[in-house]
């Protein structure tokens, strides 16, 4: 239907343009309209330096064993960027309680290699800056030559092995929640390393898990992705010019459909990061019970928690969370001080153990982190099926937008044609210039999504 609408609207626009009086004013407008081609609308690739993903989607890194080699390799095979999360990955090992740090490094390296053995696509890792083994985990990622390292929960500005990352082709991608944070990271990188990160993930307040916002900021319009993402794009322009490279911004948090992806890209970002949708896939590394929690949850069950690490988080609120908040949490023993700021005793639970229990399906002994749209998940599907759904949704939204812009443009050109006799030369010139600007803007938009 939208393809037919575009075809009809474009044909009407071109017919009207040919009827414009032959003046010096109308020549450039007529030629510009003639040059508009019927758009074959697809989502663009995502380029981060010399790394090119066929689709503009990064799978979010979900810790404690949710996104491991299985999910990451499936996403990479589908043309996106698959991500292995390093946080408490050592809980997969039997000796985690004897030496959590060693277990983390061993499991992390193993999962990277397992993913590499399954796919030739792009693979990234997610490492929390705040964890005590951040630098050791980062060294493993660099040694294994992953395609990119996504770094959140803190500012990655100290002790970053930039030279080694460059030698091994590893791209640096910090997660930020504001233009101010992005500028701080880039300013410090320039000062310390004479270099800058390769891309930035802008995570909004609708994301799942730990959030880079205070509780008061969650509903603040100034913190919405629609506000922060364009601000970060603008803030990075001077660094793109100085270092003569493109620095793409990736939007994250609350992106659920292909239409959402399209809308995000119209804000000026180059791609999106999605977590919630990829949990409800066959290839996700969590248990079936964990995935089913997404399918079964309702909107009113999704809420905020105060995490032991000192940040608010979004989760499915269950009896485990309520009991912990009331001081009725079960006894527990932390394996090691994986995060120096963690106050597990005050929170009445160890978040790593709770999330690991949930991963294994023991929801009565843990809880599930989710994004704000998790209640919209209705089934578990293969990654390839999800990607195709997103692609179709993206294309449909792009078609709707193009068709919606062609029709009023044709009406305005027709109105100009009818008013030629009444308009003076200056008014005609101004009208032509305004319409020409709209045509060129439309051409740019069509070309951005046409392959």
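The values are calculated or read from the model by the stated rules, or taken from the named source; none is laboratory data. Since this is a predicted model, take the numbers as computed values, not measurements. Cβ atoms come from the backbone with ideal geometry, glycine included; neighbour counts cover every protein chain shown.
A few comments on the model shown:
- Pick from region 225-257, criterion more than 14 Å from the chain's Cα centre (by Cα) and outside any helix (DSSP H, G or I), ranking: nearest to residue 83 (Cα to Cα): 247
- Residue, surrounded by the fewest Cβ atoms within 10 Å (Cβ to Cβ), within region 148-180, restricted to residues that are in contact with a strand residue (DSSP E or B) (Cβ under 8 Å, 6 or more places away or on another chain) and in a helix (DSSP H, G or I): 162
- Qualifying residue in region 72-87 (condition: assigned to a loop (DSSP other than H, G, I, E, B), under 25 Å from residue 367 (Cα atoms), in contact with a helix residue (DSSP H, G or I) (Cβ under 7 Å, 6 or more places away or on another chain) and at pLDDT 90 or above): yes
Conditions (1) modelled with pLDDT under 90; (2) in contact with a strand residue (DSSP E or B) (Cβ under 9 Å, 6 or more places away or on another chain); (3) part of a helix (DSSP H, G or I), marked per residue:
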residue: 295; (1), (2), (3): no, no, yes
residue: 309; (1), (2), (3): yes, yes, no
residue: 324; (1), (2), (3): yes, yes, yes
residue: 328; (1), (2), (3): yes, no, no
residue: 334; (1), (2), (3): yes, no, no
residue: 352; (1), (2), (3): yes, no, yes
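- Residue match in region 115-132 (condition: touching a helix residue (DSSP H, G or I) at 6+ places or on another chain (Cβ under 8 Å), buried (at least 22 other Cβ atoms within 10 Å of the Cβ) and part of a helix (DSSP H, G or I)): yes
- Members of region 46-64 found to be crowded, with 24+ Cβ neighbours inside 10 Å, more than 18 Å from residue 130 (Cβ to Cβ) and in contact with a helix residue (DSSP H, G or I) (Cβ under 8 Å, 6 or more places away or on another chain), listed by number: 56, 57, 59
- Contacts under 8 angstrom Cβ, first residue in region 27-54 being closer than 23 Å to residue 258 by Cβ, partner at pLDDT 80 or above and loosely packed, with under 12 Cβ neighbours inside 10 Å, 6 or more apart: 45/52; 46/52
- Qualifying residue in region 86-104 (condition: crowded, with 24+ Cβ neighbours inside 10 Å, farther than 30 Å from residue 402 by Cα and in contact with a strand residue (DSSP E or B) (Cβ under 6 Å, 6 or more places away or on another chain)): yes
- Here residue 338 qualifies as buried (at least 22 other Cβ atoms within 10 Å of the Cβ) and not in a helix (DSSP H, G or I).
- All positions within region 133-147 that are assigned to a loop (DSSP other than H, G, I, E, B) and either crowded, with 20+ Cβ neighbours inside 10 Å or without any contact (Cβ under 8 Å) to a residue 12 or more places away in the chain (or both): 133, 146, 147
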